[in-house]
Every structure is written in C-alpha cells, then in structure tokens.
1. Can you name the condition, by its number, that R92 falls short on among (1) touching a Phe, Trp or Tyr at 6+ places or on another chain (Cβ under 9 Å); (2) under 24 Å from T48 (Cβ atoms)?
2. Looking at (1) within 16 Å of the ligand (Cβ to nearest atom); (2) over 28 Å from V15 (Cβ atoms); (3) surrounded by fewer than 24 Cβ atoms within 10 Å (Cβ to Cβ), which is the only condition L124 fails?
3. Looking at (1) more than 13 Å from the ligand (Cβ to nearest atom); (2) out of contact with any Lys or Arg (no Cβ under 8 Å at 6 or more places or on another chain); (3) part of a loop (DSSP other than H, G, I, E, B), which one does K45 not meet, given that it meets all the others?
4. So A73 clears everything in (1) in a loop (DSSP other than H, G, I, E, B); (2) in contact with an Asp or Glu (Cβ under 9 Å, 6 or more places away or on another chain) except one condition, right? Which one?
5. Being more than 18 Å from G19 (Cα to Cα) and small (G, A, S) is the requirement here; does G108 meet it?
6. Output the residues belonging to segment 76-99 that are at pLDDT 95 or above and not in a strand (DSSP E or B).
7. Pairs, please: C-beta under 8 Å, at least 6 apart or cross-chain, first residue among the charged types (D, E, K, R) and in segment 60-85, second surrounded by fewer than 20 Cβ atoms within 10 Å (Cβ to Cβ) and not in a loop (DSSP other than H, G, I, E, B)?
8. Answer yes or no: is there a residue in segment 54-64 that is under 21 Å from R163 (Cβ atoms), outside any helix (DSSP H, G or I), among the charged types (D, E, K, R) and at pLDDT 95 or above.
Amino acid sequence: MATELHNLSDYDPSVTPSGKGKKVGIVYAEWNSEITYALRDGAIKTLTENGVEQSDITVMSVPGSFELIYGAAQMAKSNSFDSIIAIGCVIRGDTPHFDYICEGVTAGLSKLNVEYDTPVIFGLITTNNLLQAQERSGGRLGNKGDECAVTALHMMDRHNWLRNEGFIK
Ligand code: DLZ
C-alpha cells in the first residue's frame, strides 16, 4: 500500500529483471475509468521501459472490477502469457457493495494464482474516496500501475527460475 514513505512508482531499475521476450496480458475495468486508464497506461509504460515489446502486451477491458476475474481467468487458461495484470478501482459508496466487490475480486484473483502457473498481479485500488484513488494513479503517491508492472517483471523472473529448476513442468 502507498504511504507517505513509499511512492508506488519508486523502484530500483538495477535489480528489476528485464522483460525482454516476455508476453504480458493486461485486463482493466472501465468503472472509474479516469483512474483505471492511468493505471493501465502506467503499467504499459513501465513494462516497455523494462524491455517488454509493445507488441507483446495484450490489453483487454471489462465493464467493472468484478469482471476482472473472468478476464484474467481466460487469459490464464489460454497459456499465452508470462504474467497477467488485473487493474481496477473500487471506491467506497453508501452501500456494502464495495465490500462485496473487493472481497470477490481478491478471492477470485487469488484463486487464479493457485490454479494456474501464470502469475496474476493484483492491481485493484480500493479507496474511501476519489482523491485517494487519484493520489495512487499518478498523483502524490505514485502510480499503482507502475508497481504492478515491476511486480510482474519480478514474478516472470521467479516463474522462469521455477521452470529452470524443474519445479514447473
Ligand atoms: C456496481 C459497481 C459499483 C457500485 N462500484 C464499482 C466500483 O467502484 N468499481 C468497479 O470497478 N466496479 C464497480 N461496480 C461494478 C461491478 O464491478 C460489476 O461490474 C457489476 O456488479 C456487474 O457484475
């Protein structure tokens, strides 16, 4: 989580694995698109800055964050990607809907990480208000899309290692 001491866009390029030759799927929600477009674009920029070819990035939109589970699941089942980044933004409203969506998406994406070999990165921003979301999508606290891209680069590297060691067949 972003804090006053941790900017989401800060990372050390010298210890970040290259994404050269890697294929990444990005699924993002259209709800709160002002935020999710900025997260998506941040992720793409950071991936390409670290060696992933633009043509190796597949981007797909879904209506809301709940549908991220479906989108990411289809990408995972296709076995076409080295990692998948799921991007959404849920802002607390007046009803408990917020909690149901957050819990559903968290559980759904977690399950994919257990069931499939492809790492699925959790790019869901859950905030109490729009300002907090803006602060985390390119504002004062950086861009969670950048953080997701860097996490994807690390996880693709770990995935490679597991495969090379024979732990993944
Ligand atoms: C319905 C709903 C609400 C109230 N809020 C959000 C939100 O803040 N962020 C988001 O990504 N999606 C929201 N949705 C839509 C749900 O994710 C989903 O698309 C619908 O419940 C239909 O399945």
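1. Among (1) touching a Phe, Trp or Tyr at 6+ places or on another chain (Cβ under 9 Å); (2) under 24 Å from T48 (Cβ atoms), the lone unmet condition for R92 is (2).
2. Result: L124 passes all but (2).
3. (3)
4. It is condition (1) that A73 fails.
5. Working: more than 18 Å from G19 (Cα to Cα): yes; small (G, A, S): yes.
When the stated conditions are applied, G108 passes them.
6. Scanning segment 76-99 gives A76, K77, S78, N79, S80, F81, D82.
7. Going by the 8 Å Cβ cut-off, the qualifying pairs are D82/H159.
8. no
The values are calculated or read from the model by the stated rules, or taken from the named source; none is laboratory data. From a predicted model like this one, the values you see are computed outputs, not experimental measurements. No Cβ is skipped: glycine too gets one built from the backbone with ideal geometry, and neighbour counts run over all protein chains shown.
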